[in-house]
1. So what's the back-of-envelope 222 nm ellipticity for the chain, counting only DSSP H runs of four-plus at -39500 (n - 2.57) apiece and dividing by all residues, rounded to 500?
2. Any idea what the dipole of the chain comes to, in debye rounded to 20, about its Cα centre with Lys/Arg Cβ at +1 and Asp/Glu Cβ at -1?
3. Just to confirm the filter: which trypsin sites (Lys or Arg not before Pro) across region 241-347 are DSSP coil and have at most 12 other Cβ within 10 angstrom of their Cβ?
4. When DSSP assigns beta bridges and you keep just the ones with both residues in the chain, what percent turn out antiparallel, to the nearest 5?
5. Using only Cα atoms, what is the ratio of the radius of gyration of the chain to 2.2 N^0.38 Å?
6. Could you please state how large a percent of the accessible area of region 120-201 is carbon and sulfur, counting protein chains only and using a 1.4 Å probe?
7. Please work out the C-alpha center-to-center distance from region 328-351 to region 253-282 and express it in whole Å.
8. Can you tell which of SER234, ALA174, ASN152 lies farthest toward the positive end of the dipole of region 151-237, using +1 and -1 charges on the Cβ of basic and acidic side chains (Lys, Arg; Asp, Glu)?
Amino acid sequence: MKHKLMFALVSAALMSLPAGVALAQQKKADAKPAAVKLSDGMVKIGILTDLSGTYSDLAGSGSVLAAKMAIEDFQAQEKDRAFKIELVTADHQNKGDVASNRAREWFERDQVDMIGDLVTTSTALAVMPVAKQMNRITIVSGAASTPITGKNCTDLNVHYVYDTYALAVGTGKAVVKQGGDTWFFLTADYAFGHALEKDTTEVVIANGGKVLGSVRHPFPGTDFSSFLLKAQASGAKVIGLANAGADTQNAIKQAAEFGITPKQSLAGLLMFISDIHSLGLKATQGMYLTEGFYWDFNDETRAWSKRFFEKHKRMPTMVQAGVYSSTLHYLKAVKAAGTDEAKAVMKKMKETPVNDFFAKNAKIRDDGRLVHDFYLLQVKKPQESKSPWDYYHVRQVIKAEDAVMPGAKTECPLLKM
């Protein structure tokens, strides 16, 4: 009897509310999202990166920090609706077997849902099939080779930041237009270097240039003297550095020591702001490079980068900015899908455009490539830099449709279905 009386009183009270208030309260209740169904009660993200080697400066601890910032920002935005998120990290040592073994361990034992960064092509290509087999997601921010979204593509992988095609279209084309029409390549002897040399060669030839030869160096490398002397003997106007990180820095330093520059120009086909900072403007002034992100591009990039700088004491590279953006995009997709099941989350990731400081209205194509704008940059002269980390002139915004390999040219079967 008491229950019936209580029900009647509550019903009467609700009926006495103005119609607009009652309707608003009902809409608010309907709008509240259902709880996210998680396989083990949490979302686990793994950042598998180079924490101690050639690429640790451009990715490494900065990528780990970027992922932490994305998780913290997501939880702050969601407040009481946030779900539990755990971050795990490991050093893959730029070795495919180390990376694949750690990934399998994370998936099987630790229930990791997504692995991000994967800064070396060999590690990305080793981990992607393991993730596919285990129905988990990979998001590549650090590796560059086009086969990642070409013949080796999977429906559970995203190539988020950049690839060798975009680098070649930006830097290669710009250098040829500036009169650098004969090239010799100094190439890291693994999949990334081979892809970067191939893609840049095609761009150089398509724009009227010639390639006079190439030489491949071990990865990682320290002594580039014999390789640089071969490049010098070729007589090429441009020595294309198809490598990255410490390899690129060492090659540039040794080219100056041997008097190769400024008689021949260097084209850093994959360079990061961390490289410019380490080498200094005097050694790098005038060089062209292509990036998918620059901290000083606009108010949004500056605001996020200053937050990152406060914690890392260095401005972010495009890899580190990409780790933040991709991690946040992944978490939003988990929320939208209402589950951490990989296929459902990936569906939401591809349906939802990326709109943040990293990219605007950018969508993930069926082959996993995030289609976004790039920037052709030129390193400033020392006297042109007005403040710390003010290193670049933005010479061109390369629109997404020009920077990203057309789907018809890729070897990914997902685009041919």
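The values are calculated or read from the model by the stated rules, or taken from the named source; none is laboratory data. This structure is a prediction, so every number in the text was calculated from the model and none was measured. Cβ sites come from the backbone with ideal geometry, for glycine too, and all protein chains shown count toward neighbours. Only protein heavy atoms, including side chains, enter the accessible area calculation; ligands, DNA and RNA are left aside. Shrake-Rupley method; radii C 1.70, N 1.55, O 1.52, S 1.80 Å.
1. Values: 16 runs with 181 residues, N = 417.
Rounded to the nearest 500, it is -13500 deg cm²/dmol.
2. Numbers: 51 positive and 44 negative charges, 196 e Å.
So the magnitude is around 940 debye.
3. Values: sites: LYS253, LYS263, LYS282, ARG302, LYS306, ARG307, LYS311, LYS313, ARG314, LYS332, LYS335, LYS343, LYS347; in loops: LYS263, LYS313, ARG314.
Those satisfying the criteria are LYS263, LYS313.
4. Of the beta bridges lying entirely in the chain, close to 25 percent run antiparallel.
5. Working: Rg = 24.4 Å, N = 417, 2.2 N^0.38 = 21.8 Å.
That works out to 1.12 for the chain.
6. Working: 980 of 1990 Å².
Carbon with sulfur: 49 percent of the solvent-accessible area.
7. Measuring centre to centre over Cα atoms gives 42 Å.
8. Farthest towards the positive end: SER234.
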